[in-house]
Protein chains: 2
Amino acid sequence: MGPEEFRQRGYQAVDWLAGYMERLGELPVKSSAEPGDIRAMLPAEAPEHGEDFADVLGDLDRVILPGITHWQAPGFFAYFPANASGPSALADLVSSGLGAQGMLWDTGPAVTELEQHMLDWLAAALGLPEKFRGNGVIQDSASSGTLCAVLAARHRAGGVDALPNMVAYTSEQAHSSVAKGLRVAGIPAERVRFIATTPAYAMRADHLAYEIVQDRNNGLIPFFVAATVGTTSTTALDPVAEVGWAATNFDAWLHVDAAFAGAAALCPEMRFLNAGLESADSYVFNPHKWMLANFDCSALYVADRASLNEALSITPEYLRNPASDSGAVVDYRDWQVPLGRRFRALKLWFVLRHYGLEGLRAHIRRHIAWAAELAGWVEADDRFELAAPTVVSLVCFNHVGGNDATRRVLEAVNQSGRAYLTPTTIDGRLILRVAIGSPQTERHHIEQLWNIIQSAA
Amino acid sequence: MGPEEFRQRGYQAVDWLAGYMERLGELPVKSSAEPGDIRAMLPAEAPEHGEDFADVLGDLDRVILPGITHWQAPGFFAYFPANASGPSALADLVSSGLGAQGMLWDTGPAVTELEQHMLDWLAAALGLPEKFRGNGVIQDSASSGTLCAVLAARHRAGGVDALPNMVAYTSEQAHSSVAKGLRVAGIPAERVRFIATTPAYAMRADHLAYEIVQDRNNGLIPFFVAATVGTTSTTALDPVAEVGWAATNFDAWLHVDAAFAGAAALCPEMRFLNAGLESADSYVFNPHKWMLANFDCSALYVADRASLNEALSITPEYLRNPASDSGAVVDYRDWQVPLGRRFRALKLWFVLRHYGLEGLRAHIRRHIAWAAELAGWVEADDRFELAAPTVVSLVCFNHVGGNDATRRVLEAVNQSGRAYLTPTTIDGRLILRVAIGSPQTERHHIEQLWNIIQSAA
């Protein structure tokens, strides 16, 4: 496809997306497709001859949209948000068109340097500790960032030879990616301690310290502790300072997972989210969740890049080059598991410049305000009770009539097509989660959701 | 950014990219930026207020392009190609705009089903063994696919409890991602055997069998063998059938890495590349290298999905849903390390439909033909000698005058700005690699390259 045809097809694709954005509020939020529905509309084999691009675009409406749950819809309150935005999508387009590779500084100096610079912009904007400056990298997801932290910690604690004695710690409420990263790195489930939580679902630092001491006394090596700032079920905040004290006192690596909530620290009044980060060895948060940078864009920071790089660096002849050999540059392949890497810093650059920090803060503040308002409505209604503190923009509550009553409300919301919630269950209690964070959401969408909930109750 | 502004900015971004494509042939292929050059052009802090989008686009020319090595340039013959294309870039744009998540079937049925379908289209188009149908998944890179294969193999061989006895095998010419994946999975370097190669740099299957038997006799567990179809240095072909015999006879998992060369099997006359795949447990190739689908798009196939899924599956409450519980659907989060995933199948769909299989075959065939022609020119010139067989579209040669003479040719090519080569070194011998694979490259670019090489010699 030459430049002129690309221009024409590109306008058509942009028009299709603009039209999609216009319709987003009217589409049912969750797809009602049944297993196999989408495949049934596709030919059994790839076409032998090229087809008209207009037909391909047309099939987005015919084949794809019926199978799409609209994560960008104003009524999407499920999981956590995964913000898309115009400037970010266009940065992805430019990245794809350039087709540049960032595995080494030498394979595309701007890819590496813009990434370093954007992560420093972010660290400053979030008020992260100074030690993280110059030590940031974009990963595809917090899962991968956490895996890298585990690998760096494993290296620092003696490498794979010490693996059979290594023990890791996280809370019962930690994201499944912590257990998955540990499993990938070769830590069996029986050497992962899931520390009990407080009634607010925060890790009990006293329990953590006790477990670490026990394990040390048994000749094991406590090597890794993952604390969470904003857990997936309820955005609970682990006491990072206390957890960090226990971890660093016993030479364990402290990783902090703030995948969703971390973005809120752009607002100075939310900087309590950073409490205790001084003791963290690594920190991950996802601009692709609540900061208008399209998936995939997760930011990982490490205090000690040497452990990370030594854990991940292998240099065959065909990747050697003078810039790398000089030590004057950063080669991001040594900061991640894959070798190849897209030019993802472009979307942070486009987003930060298009919205400015004040624009991003406004985006986040309105969600926090609406969540507080919704939490107030829940509290004022006898039929519901809050199931956890509302820390940022996730509101957790249940029907006082028990799980069946809560489930009926959930089903009424999701069957309305106007909103979509995914629940969680803690200690057998079914909990509704309203995760507010879409740029399309307006206050009246929260009111509409609350009306549906009240009618169902 | 609302739909109307997106339409306007989107046209501007498309125009910028179309203009870039038009200029691509005139730009010096390799960036001449020095470390720090790009960062020096960027403000120290993120802007407080939003900026004009036109300024952001303008800075692509001012700040970014001087730091870009043009992987899509017609004179880019370095590494392996990483094809971008119009339909693929526009699919990436649509994917970003939709902002859909494919971690579960339930989070976006079309994301999962189109991916399953595209990988089946590909398996048929490549003539892969029947066992891989229904068992494909898109990874970000062959590195990640290989890691997943290692994790599945580790699980099948007894899981992490058996880790201290596991041994893995690959050739001296295997890609560094094999060693990296093994290291991540907890296999120390001393239990990775790098098998010697033939004079054509293919793995010696007899040596492999010998090493496996030795290790078994010593009470170790040979659990993983990685064969390569098209090595990075010279596109050497390991004898997969013989390697597979040794691996499967001793219950080791056979992984086949055809990251670059695999795409050529779209052409029936190149199906010899698939020889022996019947014995493979997993197979990876990168549509993002030579098949016009933008990075990241690597295709991993497994014969036994249960081992892969069991190795990678963890299901917390907040990810449970009726579709997954029914077992009627595939949840791709259990096929990869990260949880979240983009809608990457769109680019395969756009590319396969825009070009058709005959268009993709034509794309590949011309590169193979030009490589054969260039190899002929090298053979006919007394000053040069071929350093390895030309199997697909990579031509490897050196100056008969030794490494210094070869290095002078390399420097002349790269300083010309008209072409860019990255060399390799095998057994102390510096080898020029001409990797032909850009859709922008025409035959006259190969002639131009050869003229530069001849002048320098």
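The values are calculated or read from the model by the stated rules, or taken from the named source; none is laboratory data. Please read all numbers here as calculations on a predicted model, not as lab measurements. Note: ideal-geometry Cβ built from the backbone for every residue, glycine included; neighbour counts use all protein chains shown.
For the structure I just gave you, tell me whether B:Ala247 is surrounded by fewer than 24 Cβ atoms within 10 Å (Cβ to Cβ), part of a helix (DSSP H, G or I) and modelled with pLDDT of 95 or more. Answer is no for this residue. Does segment A:295-314 contain at least one residue that is under 19 Å from the mean Cα position of the chain (by Cα), farther than 30 Å from B:Glu34 by Cα and buried (at least 24 other Cβ atoms within 10 Å of the Cβ)? Looking for residues that are under 19 Å from the mean Cα position of the chain (by Cα), farther than 30 Å from B:Glu34 by Cα and buried (at least 24 other Cβ atoms within 10 Å of the Cβ), one finds at least one in segment A:295-314, hence yes. Here A:Val378, A:Val395 are screened, and the one residue that is more than 27 Å from A:Leu266 (Cα to Cα) and in contact with a helix residue (DSSP H, G or I) (Cβ under 9 Å, 6 or more places away or on another chain) is A:Val378. Looking across segment A:354-372, the residues that are free of Cβ contacts under 8 Å to residues at least 24 places away in the same chain and within 14 Å of chain B (Cβ to nearest Cβ) come down to A:Gly356, A:Glu358, A:Gly359, A:Ala362.
Within the option set B:Thr406, B:Thr441, being touching a residue at least 12 places away in the same chain (Cβ under 8 Å) and assigned to a loop (DSSP other than H, G, I, E, B) holds for one residue only, B:Thr441.
Among residues belonging to segment A:324-336 that are in a loop (DSSP other than H, G, I, E, B) and more than 7 Å from every other protein chain (Cβ to nearest Cβ), point out the one that is surrounded by the most Cβ atoms within 10 Å (Cβ to Cβ). For segment A:324-336, the residue satisfying everything is A:Gln336. Within segment B:315-323, does at least one residue satisfy the condition of being closer than 29 Å to A:Met103 by Cβ and either at the interface with another protein chain (Cβ under 9 Å from one of its Cβ atoms) or over 19 Å from the mean Cα position of the chain (by Cα) (or both)? Among the residues of segment B:315-323, not one is closer than 29 Å to A:Met103 by Cβ and either at the interface with another protein chain (Cβ under 9 Å from one of its Cβ atoms) or over 19 Å from the mean Cα position of the chain (by Cα) (or both), which makes the answer no. Of everything in segment A:67-126, what is free of Cβ contacts under 8 Å to residues at least 60 places away in the same chain, more than 7 Å from chain B (Cβ to nearest Cβ) and not in a helix (DSSP H, G or I)? Give them in sequence order. If the condition is that a residue be free of Cβ contacts under 8 Å to residues at least 60 places away in the same chain, more than 7 Å from chain B (Cβ to nearest Cβ) and not in a helix (DSSP H, G or I), then A:His70 is the only one that fits. From the list A:Leu352, A:Leu308, A:Leu374, A:Leu348, the lone residue that is over 29 Å from B:Phe80 (Cα atoms), outside the structural domain of A:Ile431 (by TED's automatic domain parsing), part of a helix (DSSP H, G or I) and modelled with pLDDT of 95 or more is A:Leu352. Pairs meeting the criteria (first residue in segment A:279-308 and over 15 Å from A:Gly127 (Cα atoms) and away from every other protein chain (no Cβ under 14 Å), second residue at pLDDT below 95 and in a loop (DSSP other than H, G, I, E, B), beta carbons under 8 Å, at least 6 apart or on different chains) are A:Asp281/A:Asp304. All of (1) surrounded by fewer than 18 Cβ atoms within 10 Å (Cβ to Cβ); (2) outside any loop (DSSP other than H, G, I, E, B) hold for B:Ala44 with one exception: (2). Tell me, which residue of segment A:127-150 that is part of a helix (DSSP H, G or I), among the hydrophobic types (A, V, I, L, M, F, W, C) and more than 10 Å from every other protein chain (Cβ to nearest Cβ) is surrounded by the most Cβ atoms within 10 Å (Cβ to Cβ)? Among residues in segment A:127-150 that are part of a helix (DSSP H, G or I), among the hydrophobic types (A, V, I, L, M, F, W, C) and more than 10 Å from every other protein chain (Cβ to nearest Cβ), the one surrounded by the most Cβ atoms within 10 Å (Cβ to Cβ) is A:Ala149.
When A:Leu339 is tested against (1) at the interface with chain B (Cβ under 7 Å from one of its Cβ atoms); (2) modelled with pLDDT of 95 or more; (3) out of contact with any Lys or Arg (no Cβ under 9 Å at 6 or more places or on another chain), exactly one condition is not met: (3). Counting residues in segment B:275-285 that are in a loop (DSSP other than H, G, I, E, B), surrounded by fewer than 18 Cβ atoms within 10 Å (Cβ to Cβ) and not hydroxyl-bearing (Ser, Thr, Tyr) gives one or more.
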